[in-house]
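Heads up, the thing below is written out as C-alpha cells.
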Amino acid sequence: MRYPDEFVNKIICGDFLSIAKDIPDKSIDMVFTSPPFKDEDVDGDYWELYSSWMDEIFRITSKVAIIINSANRLNRIVPQWPPKRIIIWGKGVVCYSWRWNPIFLYQISDEYKINKYIYSDAFGVQSVKGNWKVHKYQDPDILYDAIIKMFKGCDLVLDPFIGSGTTARVCKKLGKDFIGIELNPEYVKLAEERING
C-alpha cells in the first residue's frame, strides 16, 4: 500500500514516532535520513528513542533504509541493528578527511538486493561550510544525490528527520517523490524554502 498522496512531496511538521503510526506497513520504498546524533538533541534516553525509530523504519520501509550516523555510535549500532552494508562518507577532498560518518544500509526485502546497486563504498565529499550552511547539521546535496540515485526502483523516499530539506531537494531533482517529517517548525519553513527556492 502506498502512502496517501496528500502527504507526498510535502514536509510534515511533527514527531516521527507519532506520525509513523499512520504510515502503512511497507508503504515507503526507501528511508533516507540522518537522525539526531547527540544525546542533547533528543528528549529522553537516546538509545530508547533510536530503538523506537528503527522499529518504525523497518516496519514502513519496503526496500532499503539508509541511515547516516556518527562514528561515535558505530560500536552500539552495528551489534544491535546489524546493517547489510556500511558505506563511508569521508568529509575531505582537497585536504585529508579529518572526519567521517558511517552510512548504514539495511536491505529490507530479500527481493530487493541492495548489493547489486552499490557502485562505491566510500564517498569523499566536503562538508557544508560558511554561507552555504543554513542548518547546523546540514549535509551536502551531492552526497545525497550520489547515494539515492544508486538504488533503482525507489520512487518514494521518506526522511523522518528532514532538517533543512536536503533529501527532498535531491528527490525533486532526481524525479522521485518524497515525504519529509520535521519536529522543529522553523526547520520546516527552511526546508520548504530550500525545496521551492
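See the values below:
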read-out: Meets criteria (buried (at least 17 other Cβ atoms within 10 Å of the Cβ) and farther than 29 Å from residue 116 by Cα) for residue 83; value: no
read-out: Number of the exception - residue 150 against (1) part of a helix (DSSP H, G or I); (2) within 23 Å of residue 111 (Cβ to Cβ); value: (1)
read-out: Those residues of the range 161-183 which are at negative phi, touching a Leu at 6+ places or on another chain (Cβ under 9 Å) and part of a loop (DSSP other than H, G, I, E, B), in sequence order; value: 161, 164, 176
read-out: Residue that is modelled with the lowest pLDDT [pool: residues in the range 112-123 that are among the charged types (D, E, K, R) and surrounded by 11 or more Cβ atoms within 10 Å (Cβ to Cβ)]; value: 121
read-out: Residue within the range 14-22 that is of a type in the set (Lys, Arg), surrounded by fewer than 17 Cβ atoms within 10 Å (Cβ to Cβ), under 26 Å from residue 110 (Cα atoms) and modelled with pLDDT under 95 present; value: yes
read-out: Residues that are in contact with a strand residue (DSSP E or B) (Cβ under 7 Å, 6 or more places away or on another chain), among the charged types (D, E, K, R) and either at pLDDT 95 or above or farther than 27 Å from residue 152 by Cα (or both), drawn from the range 45-92; value: 63, 84, 85
read-out: Per-region count, the range 23-40, residues more than 14 Å from residue 162 (Cα to Cα) and either aromatic (Phe, Trp, Tyr) or exposed (fewer than 14 other Cβ atoms within 10 Å of the Cβ) (or both); value: 5
read-out: Output for the range 28-44, where each listed residue is more than 20 Å from residue 100 (Cβ to Cβ) and at pLDDT 95 or above; value: 28, 29, 30, 31
read-out: Which numbered condition residue 126 fails, given (1) polar (S, T, N, Q); (2) modelled with pLDDT under 95; (3) crowded, with 19+ Cβ neighbours inside 10 Å; value: (3)
read-out: Test: residue 195 is out of contact with any strand residue (DSSP E or B) (no Cβ under 7 Å at 6 or more places or on another chain), modelled with pLDDT under 95, crowded, with 20+ Cβ neighbours inside 10 Å and hydrophobic (A, V, I, L, M, F, W, C); value: yes
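The values are calculated or read from the model by the stated rules, or taken from the named source; none is laboratory data. Because the structure is a prediction, the values reported are computed rather than measured. Glycine also receives a Cβ, built like all others from the backbone with ideal geometry; neighbour counts cover every protein chain displayed.
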